[in-house]
Amino acid sequence: MVKRILTALLTVVAVAGLAPVASAQYMYMDANGNGVHDNGDRLNVNNDSTFVDIYLNTDLNRNGSAVTCNTDPLKPMTINSYAFSLVATGGTVVYGKYVNLTSAQFPNQAANVNLGDGMYEIGFYSFSYSAAGLYKVGTLTIMGTAGAPAIHLVDQVPGAQDFTSFGTECPCLAGDSTYRLDGPFTQAFYGGPGDWFDNDGLGANPIAITVALQDAQAEVGLVRLRWIVPDARGSVSMVQRRTATSDWTTLGQAEAENGSYVRYEDRSVTAGERYAYRLFVQSPTDQGYSNEVWVLVPTDAAPLALHLDPAYPNPFQTETRLNFAVPQSGSVRLTIFDVRGRMVTTVVERAFPSGWRSVAWNGRDHSGRLVPSGTYFAKLEQAGKVQMRKIVVAR
């Protein structure tokens with residue numbers, strides 16, 4: 001794994017007269033939680049984080065056939081370290097937290113490369129070997145931010161100290177005990193092919209079709225939603241919902257209105273529960289998901305006073321929702337201020353009937369520029385009454 005560490009940890013074996021024939025251990029990424037790699041393994045729509053599990057099989061190929069040591073068939077394909085490198089193509093991504101799920105076997109972290117340029121590398125190691133087999137080594141959070149990014153496992157990224165590899169008792173083709181994924185960096189290091197080839201990354205995320213939530217209104221036993229969809233009548237728009245503890249389920253098809261609007265009423269809600277909604281749109285030439293919106297279902301038939309819920313999510317990076325209650329019909333103003341009391345932007349200023357509403361702030365000022373990370377305040381006003389909430393932008 002880490003060359004300096006492995007120099008001290010592993011015995012270098014001089015291998016003479018070996019043909020440069022590599023085996024095909026298998027590393028893959030799983031984004032839909034079924035433990036295998038399939039066509040469903042791709043990033044979520046942009047600005048929606050994907051939790052990606054990383055798997056490594058040291059003694060089976062992609063097709064399930066058995067693997068033996070390249071240089072000594074009697075040596076087991078044990079493991080005492082792993083590292084992997086990633087590259088995003090077709091769009092931009094942000095790599096978030098990585099959780100090492102094999103800390104009992106590989107507790108020590110090596111170098112980590114994450115410079116925000118679409119490349120990523122991390123590795124872990126141990127001073128003792130674990131048995132050969134399939135390992136779910138960790139989970140990495142990845143979020144697409146633009147384009148239609150795909151994620152590829154590569155042999156190495158510039159600036160990384162490690163190759164995509166695992167340490168093993170089996171001597172590799174280079175003569176040490178680190179099995180390296182084939183690729184241009186490995187071939188330059190070896191003077192020939194690497195030790196293994198089989199790997200699968202993530203396919204490109206769904207095309208981000210332009211869908212915008214126009215309005216979300218909640219009352220006891222009912223949530224009303226309205227989206228702007230290009231070619232609403234020529235598209236199929238399906239509404240999906242989840243909670244904080246459940247996965248996405250499809251509720252039904254949204255109804256097209258005049259122009260570019262679709263609407264949906266969800267009457268299967270529970271008072272006091274918070275739900276996330278998104279719209280999947282299939283047009284003749286395009287498809288994709290809207291960003292999700294969270295709605296809190298009230299417990300009272302009509303709000304008794306002006307009320308502004310805490311922003312959700314908070315802190316946020318690209319968009320946060322603000323749910324508020326209007327006790328009486330009339331003009332409502334929702335503005336954002338910085339810590340110095342300067343107004344940043346007006347989120348909404350118009351007349352509303354009494355009830356619960358949900359609006360979004362996209363983290364931009366009145367000129368459309370992204371605001372810097374920091375603390376801000378949302379101010380809700382109606383008929384001389386004021387509600388305030390703190391919001392944190394974390395980019």
(message) Would you calculate the convex hull of the Cα atoms in region 243-350 and tell me its volume per residue in Å³?
(response) 179
(message) Starting from 0.36 nm per residue, how many nanometres of slack lie between Ala394 and Ser130 once their C-alpha separation is accounted for?
(response) 91.1 nm
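If you wrap a convex hull around the alpha carbons of region 302-395, what volume per residue comes out, as a whole number of Å³? The partial results should precede the final answer.
Working: hull volume 7.6 nm³, N = 94.
Measuring per residue, one finds 81 Å³ for the Cα hull of region 302-395.
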(request) Kindly count the pairs of lysines across the chain whose alpha carbons are less than 28 Å apart, treating pairs on different chains or eight or more residues apart as eligible. (result) 7
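Around Ala131, with a cut-off of 13 angstrom between Cβ atoms, what is the net charge of the other residues, counting Lys and Arg +1 and Asp and Glu -1? Kindly include the intermediate steps, with their values, before the conclusion.
Working: positive: none; negative: Asp59, Glu169.
Summing Lys/Arg as +1 and Asp/Glu as -1 gives -2.
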(request) Only helical DSSP H runs with n ≥ 4 go in: add -39500 (n - 2.57) per run for the chain, normalise by residue count and round the 222 nm mean residue ellipticity to 500 deg cm²/dmol. (result) -1000 deg cm²/dmol
(request) For region 60-134, run through the chymotrypsin sites (Phe, Trp or Tyr not before Pro) and keep only the ones in DSSP coil with at most 11 other Cβ atoms within 10 Å of their Cβ. (result) none
(message) Just to be sure I understand the model, the point goes 7 Å from the Cα along the line to the Cβ. What's the resulting Arg62 to Gln109 distance in nm?
(response) 3.1
(message) Give the list, by residue number, of cysteines in the chain with no other Cys Cβ closer than 4.7 Å, or say none.
(response) Cys172
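Report the relative contact order of region 302-395, percent, no decimals, based on alpha-carbon pairs under 8 angstrom and at least 6 residues apart. Walk me through the numbers before you get to the answer.
On the way: 233 pairs, mean separation 31.4, N = 94.
This gives 33 percent for region 302-395.
Please give me, ordered by residue number, the trypsin sites (Lys or Arg not before Pro) of region 172-281 that lie in loop per DSSP and have at most 10 other Cβ atoms within 10 Å. Don't jump to the answer; show the numbers that get you there.
Numbers: sites: Arg180, Arg224, Arg226, Arg233, Arg241, Arg242, Arg263, Arg267, Arg274, Arg278; in loops: Arg267.
When the trypsin sites (Lys or Arg not before Pro) of region 172-281 are filtered for loop state and at most 10 Cβ neighbours within 10 Å, Arg267 remain.
Would you kindly give the portion of the calculated P(r) for the chain that falls above 33 Å, as a percent of all Cα pairs? Before the final figure, lay out the partial values.
Working: 34987 of 77815 pairs.
I get 45 percent for the Cα pairs in the chain exceeding 33 Å.
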(message) Could you work out the relative contact order of region 209-301? I mean the mean sequence separation of Cα pairs under 8 Å and 6+ apart, divided by the number of residues, in percent.
(response) 35
(message) Under 8 Å for C-alpha pairs, at least 6 residues apart: give me the relative contact order for the chain, rounded to a whole percent.
(response) 14
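Taking 22 Å as R0, compute the FRET efficiency from the Cβ-Cβ separation of Val386 and Ser329 and round it to 0.05.
Numbers: r = 18 Å, r/R0 = 0.83.
Plugging the Cβ-Cβ distance into 1/(1 + (r/R0)^6) gives 0.75.
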(request) Could you check what % of the DSSP bridge pairs in the chain are antiparallel, to the nearest 5? (result) 95
(message) Full-extension gain between Thr89 and Ala146, please, as 0.36 nm times their residue separation minus the C-alpha to C-alpha distance.
(response) 19.4 nm
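Only the coordinates and a few stated rules stand behind these numbers; no lab work does. Predicted, not measured: the structure shown is a model, and the values here were computed from it. Every residue, glycine as well, gets a Cβ built from its backbone with ideal geometry; the counts of neighbours run over all protein chains shown.
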